[in-house]
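Read the structure below first, then the notes.
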Amino acid sequence: MQKKLILPLLILFLILQWCMFKENNFLNNTDQQTDQTENINNIENSQNTDNIKNVDDAKNVENTSDSTETAQYENKIENFSLDFPKNWTVKENTFNVTISTPKDDEINENVIIVTQQLQKFLSVAEYYEETIRQLKETLENFKETKSKDVTQWELKGKTIIYEHIHKDTNLTLKSLQTFFMAPENRVYSINYTATKDSFDKYIEWVETIINSFKLNK
């Protein structure tokens, strides 16, 4: 009997973790569901492991939100690179790359890049539909506000902007997710979450990160 393909809720977990919240339920779309679930449960403690490191280029710079300098980040394992604000902090672990904004308000806004290996081919439309279904099932008062098709470096994908409420704090959060469908059923997902009020504060930098994303040959 063929297993139903389920979009991993690892992304959703990380979205809420960015805002320093906690969620208890996780799903995966791969046949390695048991192993990945055990790993996900350890994500909160991953900053104390050897798998996480600060990227040197993000250190020793001024902590100002209006800095116009950028640095380049390259992930040799997942074979992609992008530009990011030089005064933001980059951290890597097994599941994702997190690019953190300067901490100067009620939450720590972040951009997180997640790579997924799908177990079967999905079109952009099918991946989008599954993403929306999972978001609706998981997030409180989910509301999609915008979506558009994107093409970059011959990679097709989609950008989704949506709002939801964190039930424990009653904060209205606003998120952007851009995903690119790569060869061999590989998906690169770039996710940004902030409060509704602070979303626009960093959106130009988020767009810089997304627009500079490319696969290295």
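No value in this document is a laboratory result; all are computed from the given coordinates. If you're wondering where the values come from, they're calculated on a predicted model, not measured in any experiment. Quick reminder, even Gly has a Cβ in these numbers, built from the backbone with ideal geometry, and neighbours come from all protein chains shown.
Distances over 14 Å make up what percent of all Cα-Cα pairs in the stretch 115-171? Considering the stretch 115-171, 64 percent of its Cα-Cα pairs are separated by more than 14 Å. Dipole of the stretch 148-196 computed with +1 at Lys/Arg Cβ and -1 at Asp/Glu Cβ about the Cα centre; of Leu171, Thr151, Met181, farthest Cα towards the positive end is Leu171.
Asn216 sits among other residues whose Cβ lies under 13 Å from its own Cβ, and their net charge, with Lys and Arg +1 and Asp and Glu -1, is +1. For the stretch 80-217, averaging the sequence separation of C-alpha pairs within contact (under 8 Å, six or more residues apart) and dividing by the residue count gives a relative contact order of 27 percent.
For Thr178, the shell of other residues with beta-carbons less than 12 Å away shows a net charge of +2, using +1 for Lys and Arg and -1 for Asp and Glu.
Each Lys and Arg adds +1 at its Cβ and each Asp and Glu adds -1 at its Cβ; summed about the Cα centre, the stretch 95-217 shows a dipole of about 400 debye. For the cross-link pairs Lys136/Lys217; Lys86/Lys174; Lys120/Lys196; Lys76/Lys167; Lys76/Lys196, the ones whose C-alpha atoms lie over 31 Å apart are Lys136/Lys217; Lys120/Lys196; Lys76/Lys167; Lys76/Lys196.
Computed from backbone phi, the HN-Hα couplings of the stretch 205-217 come to 5, 4, 5, 4, 4, 5, 5, 8, 5, 7, 7, 8, 8 Hz, rounded to whole numbers (Karplus: 6.51 cos²θ - 1.76 cosθ + 1.60, θ = phi - 60°; Gly and Pro given as x).
Answer rounded, prolate or oblate for the stretch 60-217, using the Cα gyration tensor with square roots of eigenvalues a ≥ b ≥ c: rounded when a/c is under 1.5, else prolate when a/b is larger than b/c, else oblate. It comes out oblate by the Cα gyration axes.
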